[in-house]
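The values are calculated or read from the model by the stated rules, or taken from the named source; none is laboratory data. On a predicted model such as this, the values are computed, not experimentally measured, just so you know. Cβ sites come from the backbone with ideal geometry, for glycine too, and all protein chains shown count toward neighbours.
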Amino acid sequence: MTDMNEARLALVLRLADDHLILGHRVSEWCGHAPMLEEDLAMPNMALDLIGQARSLYQYAAELEGKGRSEDDLAYMRREREYRNCLLVERPNGDFAHTMLRQLYFAAFMEAYWTECLTSSDETIRAIAAKAIKEVAYHIRHASEWVVRLGDGTEESASRMAAAVEALHRYTGELFQSDAVTDAMAQAGVAPDPASLKPAFEQTIGPIFAAAGLAVPESDVGPRGGRSGIHGEEMGHLLAELQYMQRTYPGATW
Amino acid sequence: MTDMNEARLALVLRLADDHLILGHRVSEWCGHAPMLEEDLAMPNMALDLIGQARSLYQYAAELEGKGRSEDDLAYMRREREYRNCLLVERPNGDFAHTMLRQLYFAAFMEAYWTECLTSSDETIRAIAAKAIKEVAYHIRHASEWVVRLGDGTEESASRMAAAVEALHRYTGELFQSDAVTDAMAQAGVAPDPASLKPAFEQTIGPIFAAAGLAVPESDVGPRGGRSGIHGEEMGHLLAELQYMQRTYPGATW
Amino acid sequence: EAFLAAFQARIDAEEKIEPNDAMPEGYRRTLIRQIGQHAHSEIVGMLPEGNWITRAPSLKRKAALLAKVQDEGGHGLYLYSAAETLGVSRDQMTEELLSGKAKYSSIFNYPTLTWADIGAIGWLVDGAAIMNQIPLCRCSFGPYARAMIRVCKEESFHQRQGYEIMMTLMRGTDEQKEMAQDALNRWWWPSLMMFGPHDSDSQHGDQSMKWKIKRFSNDELRQKFVDATVPQGEFIGLTFPDPDLKWNPDKNDGKGGYDFGKIDWDEFWHVVKGNGPMNRDRIAARRKAWEDGAWVRDAALAHAEKRKARAEAAKIAAE
Amino acid sequence: EAFLAAFQARIDAEEKIEPNDAMPEGYRRTLIRQIGQHAHSEIVGMLPEGNWITRAPSLKRKAALLAKVQDEGGHGLYLYSAAETLGVSRDQMTEELLSGKAKYSSIFNYPTLTWADIGAIGWLVDGAAIMNQIPLCRCSFGPYARAMIRVCKEESFHQRQGYEIMMTLMRGTDEQKEMAQDALNRWWWPSLMMFGPHDSDSQHGDQSMKWKIKRFSNDELRQKFVDATVPQGEFIGLTFPDPDLKWNPDKNDGKGGYDFGKIDWDEFWHVVKGNGPMNRDRIAARRKAWEDGAWVRDAALAHAEKRKARAEAAKIAAE
């Protein structure tokens, strides 16, 4: 039973970290987007992600039962303790990279949250019900851009193709199963990520086709986020993210 | 007398912060320079600057007499307590910006340290004697590049001119006198910065001439570093710089 | 002249002027300039606050700041749209901002140095903006007035949020109190400058008043702001950085108000003329965003044309 | 064949081969490949450590790290120069690195995640490098051997410095100890892989031995490294992540040595083939530096030509 609680906590923390870190990345665009509409869309998506991260960290704090707050979990862990997948921590790159990263993550999460609607875990059901609407918007927004850029100018098509070449290999990690996901799938808490690949491909396929992009054959690439082995950019992200909490420990904001 | 000690401490901290922050900026180039020779020159200059910063912080710690270490002073102050001039915290920009920033600072410091060779303060005399050799190398290295780029291709000349346009206005702050510098000049500890302008111009003039660059008429621009009013990039720099000390307070490395 | 008189009569009757109505060229020009400046201020205003999103000290504050920055982008969007009804394109206005021809609120040329600045901006800068903008909800030009109603509602939420940040800091540790006081020290005078030069030195004042683009003078609005803000600050224990600030029971026709010190107009003009701490960085950041985004905008256009061409080809094929 | 025999005789007599000497094409090619790889390793090796310069936890450590990274650049420079004596230009070698044609030490495809990784790299990676390089000081090719003498001296300083970082961590807080142990866990096996495949699977081994480019086999060097390193780690309280590691008194002809577990060669080849965690980021970083620096290199060239033309014109005018 303790093991089950630990697996549940591990799972929720992974999800929370995914959303926090991607939200952080997207928020880096604020005020620097290619057009005003995107200066609105970026904080909008970041806000959704941070909102979901908050719900997840609150639940994690409750599961952990050690009196830590959402902010303690979000801000006060060491780099090796963050469990987000590598995709979400990838630097923004150009707008094509950012939109593709958003599409990949949202396409995965849509499949994920859909399964969670019937989770045996009431809190996860509730979070999924809210998140699934937001994720639909992210897919719509990101996929429109993937299509526009893929089927735009020569330059945009080549940038979009470069983004696929750079990022597709980070999608493999999303579908990785391990002891945590196995336990949670068996308990009906959350889907086995490996099982979501067909749904993911069904979302991505027509978008890539409309964009004139080939879906790469292999999604094998760096992994390790789920065991806290991140890329080198992660530490720099955390230096920013944690700055205030580390500098003024214990203060209320 | 207390006032004199305070002024001395303030002066040494300003110098220390100047060197630390410029050293930090220069070190950001490590491994990313335009050619291997510069991949050697950048850490070399950063090393000189960090070395000078260490001597200065050690002296500041001694003057303060509160048991703080060089690292406490370098790492554990708040942004508003750093007293470096704005020039040194300017982002690296392109190679032309970096080399010009280096030239400006080194040309100022050469004049400064020369005066300090006869300082009434023994420690400052010793620091100056060592620093003046290093600063001569920085001037030589940076000025060679300013000339090469100014008198190179059309692109390099226009980048060099853009760097002058962007950075010259930060040189005015170097020559600003205030209560601290007045007290120190009167006590023969350090020169009145305002008095160093002719020497600075004598260094810069021939280099700019050889580079085909016009020395801008005005050096008036943003100021405030000496009272801890920095630019917005400073906070991000400090988030990196302070990361470890803030995350693991009290540890020995 | 008959036209001008008829136009003034409509204004005097508090009729709203709509985009397709005939209007004097000066009225149109004044509005384009003012709405443009206002829009640019929202856009440039995203930068100083955006600077703290990645470092916001709690998830709750991070979310609130994201929402605020998003609102500002939204305000920029309504305002550009309102200006577009007067026959100027958004691209044109953007070019004018980036070339330095068009102005924006000079307060955004100061840097945000600490988290408390986010509180101070919300409380003071948005507070001053509201003072300026509430009367604009009754501006004679319909689209501007309607945009302002929506903007004011959101700004007043931001102002309360900013004040609440300051309050939280003033209830916090000594370091936090110091941070809040330091932010007030730096932002107070620039906030007072937001209302523009004294009425005696103001260029556009009289005609704008007559056309009911403006309804209160700069000095009137500034006084309202001081009277509203000083008690808020004192309530949470802040000290205003003005030794001449004091309650004067005779002010405001005997209702009482605050006397305050002389504004440093040299500083104001120094910053307006481009020499503030952040002027160049702000424009450089916006220019970089615009230039880096050119290929994205081009692609969107190219794609839209391709789609259109394909749709037409399909239509022809179907006929 | 007479030439090959004569060449081999020189080698066997421990004569140094110099750049202008006649040499078999295979000898030249092998050296170009090996020295190039070695140079590239120094250059790419600046990146993982460079990643921590701005976050080094004390000024003393920051200075030491800067000096170390500078040394690595210096090693790269000697090595490129040594390779240039064989008729390949630095630009050519750089292009091969950036195109992925030339290899570099696979260990640099792992990320530096904590400060302890800086210690581990110095201790283990530089330690392994020294094991490889000490015999190279007696390499038959003169310029390479001479470069190696200087390199080895500096590397051994780096190795001691890295070990000292680890020692300091192991004497520190629990968090620091954990950090050091975690770094060892991640870097130990990749360090063993640095010596290359087992002798039975090694491609270039025999001929290189014969030509005295290499003087010990991969497995011999690996064993030396394990034997030297394990006691150092245990001395400061670290545990090696290998359950099969144990002292075997019969090893090394009865002098004793460590048995150790099976190396995961699948992991090794996975990374060598470009699928390690950082392969692409490393090359991308070097490519960006190279491309962003093109205008600088062009300007230097253009300036040198201008100077030369001016000097010649002055000379003509003076005649």
task: Evaluate the following for C:ALA285: is it in contact with a helix residue (DSSP H, G or I) (Cβ under 8 Å, 6 or more places away or on another chain) and within 14 Å of chain A (Cβ to nearest Cβ)?
output: yes
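For every residue, the table says whether it meets (1) at pLDDT below 95; (2) in contact with a Cys (Cβ under 7 Å, 6 or more places away or on another chain); (3) under 27 Å from D:ASP281 (Cβ atoms).
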site: A:TYR104; (1), (2), (3): no, no, yes
site: A:SER120; (1), (2), (3): no, no, no
site: A:ILE124; (1), (2), (3): no, yes, no
site: A:LYS130; (1), (2), (3): no, no, no
task: Show the residue pairs that are 6+ apart or on different chains and have beta-carbon atoms under 9 Å apart, the first residue being within region B:197-212 and within 12 Å of B:LEU149 (Cα to Cα), the second being surrounded by fewer than 13 Cβ atoms within 10 Å (Cβ to Cβ) and acidic (Asp, Glu).
output: none
query: Does A:ALA183 satisfy the criteria of being crowded, with 17+ Cβ neighbours inside 10 Å and at pLDDT 95 or above?
result: yes
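Okay, residues lined up against (1) β-branched (Val, Ile, Thr); (2) out of contact with any Pro (no Cβ under 9 Å at 6 or more places or on another chain); (3) under 14 Å from A:GLN176 (Cβ atoms):
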residue	(1), (2), (3)
A:GLU217	no, yes, no
A:VAL220	yes, yes, yes
A:ALA239	no, yes, no
A:PRO249	no, no, no
A:TRP253	no, no, no
message: Condition first: part of a helix (DSSP H, G or I) and touching a Lys or Arg at 6+ places or on another chain (Cβ under 8 Å). Now tell me which residues in region B:164-182 satisfy that.
response: B:ALA166, B:LEU167, B:TYR170, B:GLY172, B:GLU173, B:PHE175, B:VAL180
field: Residues (of a type in the set (A, V, I, L, M, F, W, C) and farther than 26 Å from A:ALA239 by Cα) located in region C:55-107
entry: C:LEU77, C:LEU79, C:ALA82, C:ALA83, C:LEU86, C:VAL88, C:MET93, C:LEU97, C:LEU98, C:ALA102, C:ILE107
message: For the condition in contact with a Lys or Arg (Cβ under 7 Å, 6 or more places away or on another chain) and within 9 Å of another protein chain (Cβ to nearest Cβ), what is the one hit in A:GLU70, A:GLU37?
response: A:GLU70
message: Scan region A:76-84 and tell me whether some residue there is touching a residue at least 12 places away in the same chain (Cβ under 8 Å), assigned to a helix (DSSP H, G or I), buried (at least 21 other Cβ atoms within 10 Å of the Cβ) and of a type outside the set (Lys, Arg).
response: no
task: Starting from region C:147-158, take each residue that is crowded, with 24+ Cβ neighbours inside 10 Å and list its partners that are hydrophobic (A, V, I, L, M, F, W, C), counting only C-beta distances under 6 angstrom and pairs at least six apart or across chains.
output: C:ALA147/C:LEU79; C:ALA147/C:ALA82; C:MET148/C:LEU136; C:MET148/C:CYS137; C:GLU155/C:ALA129; C:GLU155/C:ILE130
- prompt: Looking at (1) farther than 30 Å from C:ALA56 by Cα; (2) out of contact with any Asp or Glu (no Cβ under 7 Å at 6 or more places or on another chain); (3) away from chain C (no Cβ under 14 Å), which is the only condition A:ILE207 fails?
  reply: (3)
query: Is there a residue being over 30 Å from A:GLU240 (Cβ atoms) and touching a Phe, Trp or Tyr at 6+ places or on another chain (Cβ under 9 Å) anywhere in region D:47-61?
result: no
- request: Evaluate the following for D:GLU175: is it out of contact with any helix residue (DSSP H, G or I) (no Cβ under 7 Å at 6 or more places or on another chain), assigned to a helix (DSSP H, G or I) and not aromatic (Phe, Trp, Tyr)?
  value: yes
- line: When (1) within 12 Å of chain B (Cβ to nearest Cβ); (2) outside any helix (DSSP H, G or I) are applied to D:LEU301, the one that fails is (2)
message: Need the failing condition index for A:ALA251 against (1) more than 14 Å from every other protein chain (Cβ to nearest Cβ); (2) among the aliphatic types (A, V, I, L, M); (3) within 27 Å of A:PRO43 (Cβ to Cβ), just the number.
response: (1)
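The rows are residues; the columns are (1) of a type outside the set (S, T, N, Q); (2) farther than 18 Å from A:TYR137 by Cα; (3) more than 10 Å from chain C (Cβ to nearest Cβ); (4) not in a helix (DSSP H, G or I).
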{"site": "A:ASN5", "(1), (2), (3), (4)": "no, yes, yes, no"}
{"site": "A:ALA10", "(1), (2), (3), (4)": "yes, yes, yes, no"}
{"site": "A:LEU15", "(1), (2), (3), (4)": "yes, yes, yes, no"}
{"site": "A:HIS19", "(1), (2), (3), (4)": "yes, no, yes, no"}
{"site": "A:GLY23", "(1), (2), (3), (4)": "yes, no, no, no"}
{"site": "A:VAL26", "(1), (2), (3), (4)": "yes, no, no, no"}
{"site": "A:HIS32", "(1), (2), (3), (4)": "yes, yes, no, yes"}
{"site": "A:ALA41", "(1), (2), (3), (4)": "yes, no, no, no"}
{"site": "A:MET45", "(1), (2), (3), (4)": "yes, no, no, no"}
- prompt: Can you find a residue in region D:239-262 that is surrounded by 13 or more Cβ atoms within 10 Å (Cβ to Cβ) and touching a Pro at 6+ places or on another chain (Cβ under 8 Å)?
  reply: yes
query: Pick from C:LYS308, C:LYS315: which is within 14 Å of chain A (Cβ to nearest Cβ), of a type in the set (D, E, K, R) and out of contact with any helix residue (DSSP H, G or I) (no Cβ under 8 Å at 6 or more places or on another chain)?
result: C:LYS308
- request: Look at region A:183-195 and say how many of its residues are touching a residue at least 40 places away in the same chain (Cβ under 8 Å) and not in a helix (DSSP H, G or I).
  value: 5
field: Of all residues in region A:221-241 being facing another protein chain (nearest Cβ under 7 Å) and closer than 16 Å to C:LEU59 by Cβ, the one that is nearest to the chain's Cα centre (by Cα)
entry: A:LEU241
- request: Look at D:GLU291 and say whether it is surrounded by fewer than 17 Cβ atoms within 10 Å (Cβ to Cβ), within 12 Å of another protein chain (Cβ to nearest Cβ) and among the acidic types (Asp, Glu).
  value: yes
task: Tell me which residues, restricted to region C:11-23, are more than 14 Å from C:GLY87 (Cβ to Cβ) and surrounded by fewer than 16 Cβ atoms within 10 Å (Cβ to Cβ).
output: C:ASP12, C:ALA13, C:GLU14, C:GLU15
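One line per residue, one yes/no per condition, for (1) touching a residue at least 40 places away in the same chain (Cβ under 8 Å); (2) in a helix (DSSP H, G or I); (3) over 19 Å from A:GLN102 (Cβ atoms); (4) away from chain C (no Cβ under 14 Å):
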residue	(1), (2), (3), (4)
A:SER119	yes, no, yes, yes
A:ARG125	no, yes, yes, yes
A:ALA131	yes, yes, no, yes
A:GLU134	yes, yes, no, no
A:ALA142	yes, yes, no, no
A:LEU149	yes, yes, no, no
A:GLY152	no, no, no, no
A:GLU155	no, yes, yes, no
A:MET160	yes, yes, no, no
query: With region C:25-133 as the region, which helices (runs of 4 or more DSSP H) entirely inside it contain at least 2 residues that are within 23 Å of C:THR229 (Cα to Cα) and within 11 Å of another protein chain (Cβ to nearest Cβ)?
result: C:25-50, C:59-84, C:115-120
Hey, D:TYR144 in a helix (DSSP H, G or I), of a type in the set (Phe, Trp, Tyr), over 13 Å from the mean Cα position of the chain (by Cα) and modelled with pLDDT under 95 or not: yes
message: Going through A:ARG159, A:ARG226, A:ARG169, A:ARG246 one at a time, which residue ends up being within 30 Å of C:MET167 (Cα to Cα) and charged (D, E, K, R)?
response: A:ARG246
